[in-house]
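Okay, structure first, notes after.
The values are calculated or read from the model by the stated rules, or taken from the named source; none is laboratory data. None of these values were measured; they are calculated from a predicted model. As a convention, Cβ positions derive from the backbone with ideal geometry for all residues, glycine included, and neighbour counts pool all protein chains shown.
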Amino acid sequence: MTKKVHVQSTINGKATDFLCEPRQSLLEVLRDELRLTGSKEGCNNGNCGACNVMLDGRLVNSCLVLGVEVAGRKVETIEGLATPQGLHPLQQKFLEHASLQCGICTPGFIMAAKALMDKTPKPSEGEVRHWLAGNLCRCTGYDKIVRAVLDASGCPSPPA
Amino acid sequence: MLWLAEPPLGHKLNKAKTHLWDDSMKDIDYTAPRTLAEAAALLNDKGDRARILAGGTDIIVQLREHRRDLDLLVDVKNIAEVNELTFDPARGLRIGAAVPCYRIYENKDIAKAYPGLIDAVSLVGGVQIQSRASVGGNLCNASPAADTTPMLIALEATCHIAGPQGPRQLPVETFCTAPGRTALERGELLVSIDLPAPKPHSGAHYLRFIPRNEMDIAVVGAGASVVLDDKKQKCLAARIGVGAVAPTPLLVPDAGAALVDGALSDALIDKAVQAARAAAKPISDMRGTAEYRKHLVGVLVKRAVQGAIHRAREK
Ligand SMILES: Cc1cc2nc3c(=O)[nH]c(=O)nc-3n(C[C@@H](O)[C@@H](O)[C@H](O)COP(=O)(O)OP(=O)(O)OC[C@H]3O[C@@H](n4cnc5c(N)ncnc54)[C@H](O)[C@@H]3O)c2cc1C
Ligand code: FES
Ligand code: FES
């Protein structure tokens with residue numbers, strides 16, 4: 001077996017050291033080594049977005065990043081969103097709008113939506129739908145997800 | 001439709017791990033050299049047992065699905081030259097081979113000078129893919145359907161290559177030699193892709209056809225670039241690149257030549273369309289029959305040329 005590599009990175013604001021094999025994805029490292037199981041594996045090939053995390057402030061599919069690549073870099077995962085004071089507004093709005101059924105896609109959608117709101121605080125419905133094209137949901141039909149994101153950004157939702 | 005997704009039937013349920021399918025990568029080594037010379041030496045030493053890692057959006061998937069078997073990944077993202085992205089209105093654009101798509105479309109000067117390139121880089125996957133996927137990787141993966149390559153061809157890009165024998169350059173239309181194969185020799189890597197400065201009264205446009213709105217492989221893609229005369233009634237130069245209609249993305253010289261043969265008109269554009277249809281040698285697959293692709297390439301070339309002319313006239 002290939003030697004494990006020692007990687008130092010910052011995960012959710014905390015300096016984090018881990019050992020991983022070069023073949024392991026960031027998603028595998030997060031889930032299997034660090035037990036941060038919020039990020040989900042949907043497809044493991046870049047299509048579904050369930051594994052979305054922020055890497056140095058950019059939204060990426062963690063299944064398509066190697067663990068060894070994050071040395072010296074900052075990773076933010078769904079676990080870093082809520083504070084002791086409460087849920088992130090997106091998390092709260094996903095609950096209020098019932099934007100999830102099985103929930104596998106939810107962490108990815110929330111990370112992706114957060115990346116959008118960081119860049120465009122008041123997105124249009126079209127912008128939300130276009131931005132979320134890399135995230136797949138098998139259950140909800142997307143409408144409730146889009147409504148939650150618009151609501152979290154303080155934008156009116158389209159009539160039902 | 002998933003991107004190159006294969007049904008997980010051959011995969012075994014993996015009970016030891018928290019993920020469902022045993023589609024993890026087999027053992028591999030990783031290194032991230034800081035110079036081109038080191039990278040070239042590693043590639044030369046390992047031959048086809050090593051490959052470059054840029055954004056990983058092709059290579060990681062291929063390794064995981066056991067479509068490639070390697071001993072070493074050489075991450076080039078710590079090498080300055082492949083991260084370079086510089087635009088000079090007189091000298092043109094240099095795109096380091098590992099520069100991800102988002103850096104190109106987020107640069108306002110580049111977006112203004114090369115709208116056709118922006119069309120193409122904004123189409124590659126979704127935002128998550130664009131954070132990592134590079135134009136250099138799109139080219140080196142040598143898929144016949146790569147979205148950025150036809151546009152690079154239309155924009156007359158030059159590939160800068162480094163290797164054990166020293167640097168060399170190639171016109172981008174000669175870079176891909178077969179599906180998944182390039183003109184790179186043992187030990188060589190792509191350093192940058194250079195585009196000439198946009199000429200006065202020039203315009204370019206890329207579009208592709210996919211059955212859904214986003215996130216799919218082109219059934220056909222077409223890029224056009226035109227240079228108009230001062231009155232903007234005649235075409236002084238034109239280049240047409242097409243994708244997914246042959247084993248490699250193609251330059252169609254006859255289509256470009258047709259456009260410079262008189263005052264611009266629908267009839268003239270139709271000649272370029274006929275030339276593109278004649279050059280297309282498509283195959284039939286799950287995304288479309290050869291006949292369908294031949295039809296589509298005509299439709300797309302027409303629209304790409306019209307879009308390029310429109311942009312040239314707007315300037
Ligand atoms: C979900 C998804 C959607 C996608 N959608 C599209 C799409 O719409 N259109 C499209 O065109 N593509 C699409 N792609 C593929 C696209 O992301 C890749 O082709 C990408 O551009 C490759 O760049 P990379 O930096 O990720 O390369 P990598 O995967 O790192 O490398 C790709 C290949 O090129 C080689 N290579 C990379 N850099 C060099 C170099 N400097 N010198 C020599 N060899 C090198 C590597 O060894 C490897 O074989 C999609 C991929 C995914 C996963
Ligand atoms: S698990 Fe990463 S995109 Fe689906
Ligand atoms: S809630 Fe089940 S996949 Fe989205």
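Scanning region B:68-85 for residues that are in contact with a helix residue (DSSP H, G or I) (Cβ under 8 Å, 6 or more places away or on another chain) and either under 12 Å from B:Thr31 (Cβ atoms) or within 11 Å of ligand 1 (Cβ to nearest atom) (or both) returns B:Arg68, B:Leu70, B:Asp71, B:Leu72, B:Leu73, B:Val74, B:Asp75, B:Val76, B:Lys77, B:Ile79, B:Glu81, B:Val82. So which residues in region A:44-56 are assigned to a loop (DSSP other than H, G, I, E, B) and either more than 7 Å from ligand 2 (Cβ to nearest atom) or more than 7 Å from every other protein chain (Cβ to nearest Cβ) (or both)? Residues satisfying the conditions are A:Cys48, A:Ala50, A:Cys51, A:Asp56. Note on region A:22-35: residues that are part of a loop (DSSP other than H, G, I, E, B) and more than 7 Å from every other protein chain (Cβ to nearest Cβ) amount to 3. Within region B:97-119, the set of residues being over 23 Å from B:Ala183 (Cα atoms) and among the small types (Gly, Ala, Ser) comprises B:Ala111, B:Ala113, B:Gly116.
Listed here are the residues, each with its yes/no results for (1) modelled with pLDDT of 95 or more; (2) surrounded by 14 or more Cβ atoms within 10 Å (Cβ to Cβ); (3) not in a helix (DSSP H, G or I).
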position: A:Leu95; (1), (2), (3): yes, no, no
position: A:Arg129; (1), (2), (3): yes, yes, no
position: A:Leu132; (1), (2), (3): yes, yes, no
position: A:Cys137; (1), (2), (3): yes, yes, yes
position: A:Asp151; (1), (2), (3): yes, yes, no
position: A:Pro156; (1), (2), (3): no, no, yes
position: A:Ala160; (1), (2), (3): no, no, yes
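Just one of the listed residues (A:Gly72, A:Gly13) is more than 28 Å from B:Leu72 (Cα to Cα), of a type outside the set (A, V, I, L, M, F, W, C) and either more than 8 Å from chain B (Cβ to nearest Cβ) or touching a residue at least 60 places away in the same chain (Cβ under 8 Å) (or both), and it is A:Gly13.
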